[in-house]
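A.B. asks: Structure provided below as structure tokens; questions to follow.
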Amino acid sequence: MNETPWLTYMPAHGTHAHPAIGAAPNAIELPRPDLRSGVPLMTALSFRASTREFSEREPSLATLGELLWAADGVNRQISGGRTAPSPHRAQEIDIYVAMPGGVYRYDSPTHQLVLKHAVDARNLTGYQDFVGAAPIDLVYVVRGSKVLDMPAAQRDTFSAVTAGAISQNVSLYCASAGLATVVRGWINHRLLADALSLNEDETPILAQTVGLPADTGA
């Protein structure tokens with residue numbers, strides 16, 4: 001009987017963040033998404049795939065804005081509802097964006113990026129070689145203080161479901177917009193928490209690399 005190979009968690013390569021490339025503004029206003037863009041849902045589902053080869057070119061700010069809005073943006077202004085479900089509207093998952101110019105937290109209500117750490121921490125978001133070269137690494141972080149009212153047995157499950165819904169939103173947007181992406185669970189949680197300057201009640205549970213497909217000369 002063949003045994004399933006398990007991932008090992010040895011020290012990650014490149015265990016230090018690099019200086020941010022260029023200026024790291026305290027906040028980045030994101031363009032509002034074009035709700036008429038993209039392909040039909042069924043077409044996007046047919047295109048959804050995991051890709052591990054990325055161009056080093058950065059997507060436009062407009063594309064980044066649409067990506068993050070699709071991930072967990074506010075789609076109902078009156079109620080503050082999001083594009084991804086959350087148990088009891090806890091909104092316990094924060095999206096951190098590791099880019100060459102710094103680590104930012106996506107603030108859904110204002111649709112902007114808020115600077116968390118002026119370093120290039122992409123190389124610390126996972127063990128695979130491509131994470132340090134691709135232009136964007138998203139990290140999904142659970143804020144434990146937001147789920148304290150839940151029964152303890154449900155907290156991990158519900159948070160994982162929310163993170164999974166967000167990552168699928170990202171995957172479908174990427175399929176619709178012609179971007180490449182892959183979801184990654186092979187991360188060094190402690191190292192990544194330090195790189196993102198997280199608080200004690202914040203835990204990174206999933207990462208997702210996003211970028212343009214590897215250059216084909218187009």
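Bear in mind that the values in this text are calculations on the coordinates, not laboratory data. Note that this is a predicted model, so its numbers are computed, not measured. Reconstructed Cβ throughout: ideal geometry from the backbone, glycine too, with neighbour counts over all protein chains shown.
A.B. asks: Once you place label points 7 Å from the Cα toward the Cβ at residue 62 and residue 133, how far apart are they in nm?
C.D. replies: 2.9 nm
A.B. asks: Using 0.36 nm per residue of separation minus the Cα-Cα distance, give me the extension gain between residue 88 and residue 21 in nm, one decimal.
C.D. replies: On the way: separation 67, 0.36 × 67 = 24.12 nm, distance 3.92 nm.
Once the chain is fully extended between residue 88 and residue 21, it gains 20.2 nm.
A.B. asks: Say each of residue 41 and residue 189 gets a label point 7 Å from the Cα, pointing the same way as Cα to Cβ; how far apart are those two points in nm?
C.D. replies: In this crude spin-label approximation the distance works out to 3.3 nm.
A.B. asks: Counting DSSP beta bridges in region 26-211, what percent are antiparallel, to the nearest 5?
C.D. replies: Details: 33 of 33 bridges.
Of the beta bridges lying entirely in region 26-211, close to 100 percent run antiparallel.
A.B. asks: What percent do you get for the relative contact order of the chain when only Cα pairs under 8 Å and 6+ apart count?
C.D. replies: Numbers: 437 pairs, mean separation 64.4, N = 218.
The value is 30 percent.
A.B. asks: Right, here's the next one. Using per-residue counts of other Cβ atoms within 10 Å, averaged over each peptide, order 112-121, 199-208 from highest down. Numbers along the way, then the final one.
C.D. replies: On the way: 112-121: 19.7, 199-208: 17.8.
By packing density, highest mean first, the sequence is 112-121, 199-208.
A.B. asks: Going through region 52-160, which GluC sites (Glu not before Pro) have at most 13 other Cβ atoms within 10 Å and a DSSP loop state?
C.D. replies: Values: sites: 53, 56, 66, 92; in loops: 53, 56, 92.
Counting only loop positions with at most 13 other Cβ atoms within 10 Å, the GluC sites (Glu not before Pro) in region 52-160 are 53, 56.
A.B. asks: Kindly put 52, 57 in sequence by how many other C-beta atoms sit within 10 Å of each C-beta, fewest to most. If you can, show how the numbers build up before the last one.
C.D. replies: Numbers: 52 15, 57 11.
Listed from fewest to most nearby Cβ atoms, that is 57, 52.
A.B. asks: Further question on the same structure: Which distance in nm do the two modelled labels at residue 145 and residue 215 give, with both placed 7 Å along the Cα-to-Cβ direction?
C.D. replies: If labels sit at residue 145 and residue 215, their model points lie 4.5 nm apart.
A.B. asks: What is the local net charge at residue 193, summed over the other residues whose Cβ is closer than 14 Å to its Cβ (Lys, Arg +1; Asp, Glu -1)?
C.D. replies: Working: positive: 105, 116, 143, 190; negative: 94, 194, 200, 201, 202.
Once all neighbours under 14 Å are counted, the net charge is -1.
A.B. asks: Assuming 0.36 nm per residue, please report the length gained on full extension of the stretch residue 200 to residue 160 beyond their Cα-Cα distance.
C.D. replies: Values: separation 40, 0.36 × 40 = 14.40 nm, distance 1.85 nm.
Computed gain between residue 200 and residue 160 is 12.6 nm.
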